[in-house]
Amino acid sequence: MGWVAVRVLLAIAATLLGGWIGFTVSDSSPVVAALTGAGCAAAAISSTDLARGYRLLRWLRGSQETPAPRDAGLWGELAYRVERSLRMREREIAHERTRLSQFLDGIEASPNGVLLADANHQIDWCNAVAADHFGLDPQRDRGQPLTNLIRAPAFVSYLQSGRYEEGVTFANPRAAGTLAVIVRPYAEGQLLVLSQDITERERADAMRRDFVANVSHEIRTPLTVLAGFVETLNGAKLTEAERKRVLELMQQQTDRMQALVGDLLTLARLEGSPRPPPDQWVDLDGLLARVESDARVLSAGRHSIELTSGTGAQLAGAEAELLSAIGNVVSNAVRYTPEGGRIDVSWSTRADGRGVIEVRDTGIGIAREHIPRIVERFYRVDASRARDTGGTGLGLSIVKHVMQRHGGELEIESSPGQGSSFRLVLPSARVRQRPSKARPAQALAA
Ligand code: ADP
C-alpha cells in the first residue's frame, strides 16, 4: 500500500504547487489564479490516470498476448497483478489441457471401446475403438442420441431399462461378431459405455465346447461297444470261435480308444510346450526309415510304397513331433488308398530354400469343399469310413499344429477318385544338408 501514501502526497503536492504558481504569477486576482493553478494540476494528474487506465483497459480488451502496460504507481500495480493472475490462469489451463489430452490418449490406447454420453443419452465423446465397434464418427455423431445410432434391440432395451449392474451382449452391427457392452452411470446422470469385441472369445468357447462334446462322443462309442461285448461274454454261451471273434472286436475298440487318448495327449503336449528348438538337427533319412516300417506294417503288402532315402537332409526341430507329422500323413495315405494303390514319399527343396516332404497317394481323394476343413479336429469327410480305417479324426490337426510350431505349413492337393498330395513345407532356416558325406537319393521300392 506504499503507493497510496505516495500518490496522495503527490496529488496534494501537485495541487499546492499549481495553486502556488497561480498565486505568484497573478497580481490582480491571486486567489482565482491559485485555484485555477490547483485545478490545472489536479486535471493533469487525472488525465495521466485516465490515460494509464485507458491503456490498461485496451490491453484487457485485447488478447493479452503482449505484456501489460508497465506504468508506475496504482495503474502499474493493477496491471501487474491482473497480468500475473491471467498468466497463472493460462498456465493452469494449459496444464489441465495437457493432462486432459494425456488422459484421452490413455483412453484412446485402450483395447476396449469407451464412450461418454450425457444425461439425455447423447454422445459426448468416444474413442476410436468404440467408434469402430458401433460404426460411429466421433466428430459428426457428437450430440446424437445413442439409440439413434446403435439400434440393436438388446442394447436399446438395456439402455432404456436403467439397470446397469450387468452388461449386455449383442451382435456387432458393424461386423459379423459379438459385442459385450456395460454401462456405468457417473456424475449427474452421465453414462460411461464400455464395449468389448468378444467374437474371438465366443468362437474359442464354442470350439472348446464342441471339442469336449466330440471327445466324449468318440470315447463313449467304443465304450458302449465294449460294454455290449462284456455282456455277451458274461451271458450267452459262445463257441470258442465266437469267443475269439468277440475278443478280437474288443481288442479293436480298445486300440481305438488308445489311439484317441494318445492323439489327445499329443495335442495337449503340442499346445503346452515351448516352440521346437531352431538348432537341434534331426536326420530326415532316419525319420523316413521309421515311418516306412510303420507304413509297411499298416499296409500289410496291399500297396506299393516308395520312400526317398539318402537325402542327406537335416531338419531343425522336435524329432518326436516331426516323426508324428510325417507318420500321420503317410498312415492316412495307406488308410485312404484302396488295395493295389501306390504311395510315394519324396523330399525336395524349393528355390527359396524351403524343404518339402511330399506324400502322394492314388487313393480315394478328397472333394474340394472338404479340403480346408480336414485339418479341423474330428472333421472327417466320411465318418463311417474313417472309423473303419481306425482314424481318430485328430491326425491332420496334429500335423498342422506341428508344422505351425516349426514355422512351416501343410499344403494339400486332392481330387476325388484320383488321389491326394500332402506337402509338409519347412522354412529354409530349419533345413540344411548333413555337414558330412551326402549320398545320392535313391528310391526303396516296396
Ligand atoms: P482320421 O483319423 O479320420 O484319418 P485325419 O485328421 O487324419 O483324421 O484326417 C481327416 C480326414 O481327412 C479323414 O477322415 C479323411 O476323410 C480325410 N483324409 C485324410 N488323409 C486323406 C487321404 N490321404 N486321402 C483321402 N482322404 C484323406
Notebook entry, point to check: Does Ser28 meet the test of being polar (S, T, N, Q) and part of a helix (DSSP H, G or I)?
Noted result: no
Margin query: Of the residues Gly167, Gly143, Gly177, only one is more than 26 Å from the chain's Cα centre (by Cα), outside the structural domain of Val261 (by TED's automatic domain parsing) and not basic (Lys, Arg); which?
Written below: Gly143
Notebook entry, point to check: What number of residues within segment 175-209 satisfy the criterion of being touching a His at 6+ places or on another chain (Cβ under 7 Å) and assigned to a loop (DSSP other than H, G, I, E, B)?
Noted result: 0
Notebook entry, point to check: Which pairs do you get when a residue that is at pLDDT 90 or above, found in segment 202-214, comes within reach of a residue that is hydroxyl-bearing (Ser, Thr, Tyr), reach meaning Cβ atoms under 6 angstrom, with the pair 6+ apart or on two chains?
Noted result: Glu202/Thr178
Notebook entry, point to check: When the residues of segment 323-367 are filtered to those that are within 12 Å of Ser420 (Cβ to Cβ) and of a type in the set (Ser, Thr, Tyr), which remaining residue is farthest from the ligand (Cβ to nearest atom)?
Noted result: Thr362
Next item on the list: Go through the residues of segment 349-357 one by one and say whether even a single one is touching a residue at least 12 places away in the same chain (Cβ under 8 Å), exposed (fewer than 15 other Cβ atoms within 10 Å of the Cβ) and within 17 Å of Ile305 (Cα to Cα).
Entry: no
Check: Can you name the residue in segment 379-398 that is buried (at least 19 other Cβ atoms within 10 Å of the Cβ) and either more than 7 Å from the ligand (Cβ to nearest atom) or without any contact (Cβ under 8 Å) to a residue 40 or more places away in the chain (or both) and is also farthest from Glu409 (Cα to Cα) among such residues?
Finding: Ala386
Item checked: The lone exception for Pro416 - which of (1) at pLDDT below 95; (2) more than 7 Å from the ligand (Cβ to nearest atom); (3) more than 30 Å from Trp281 (Cβ to Cβ) it fails -> (1)
Check: How do the pairs read when you match residues in segment 271-283 that are under 11 Å from His406 (Cβ atoms) with residues anywhere that are of a type outside the set (Ser, Thr, Tyr) and part of a loop (DSSP other than H, G, I, E, B), using Cβ under 6 Å and keeping only pairs 6 or more apart or on different chains?
Finding: Pro276/Gly317; Pro276/Ala318; Pro276/His406
Check: Limited to segment 1-47, what total is found for residues that are exposed (fewer than 14 other Cβ atoms within 10 Å of the Cβ) and closer than 23 Å to Gly73 by Cβ?
Finding: 15
Notebook entry, point to check: From the list Asp27, Asp71, which one is closer than 30 Å to Ser85 by Cα and among the acidic types (Asp, Glu)?
Noted result: Asp71
Item checked: Options Arg89, Arg70, Arg52, Arg61: the member that is surrounded by 14 or more Cβ atoms within 10 Å (Cβ to Cβ) and either farther than 21 Å from Val181 by Cβ or β-branched (Val, Ile, Thr) (or both) -> Arg52
Note to self: Being in contact with a helix residue (DSSP H, G or I) (Cβ under 8 Å, 6 or more places away or on another chain), aliphatic (A, V, I, L, M) and touching a residue at least 60 places away in the same chain (Cβ under 8 Å) is the filter here; which residues of segment 253-270 pass it?
What the structure shows: Leu260, Leu264, Leu267, Leu270
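The values are calculated or read from the model by the stated rules, or taken from the named source; none is laboratory data. Computed from a predicted structure; not experimentally measured. No Cβ is skipped: glycine too gets one built from the backbone with ideal geometry, and neighbour counts run over all protein chains shown.
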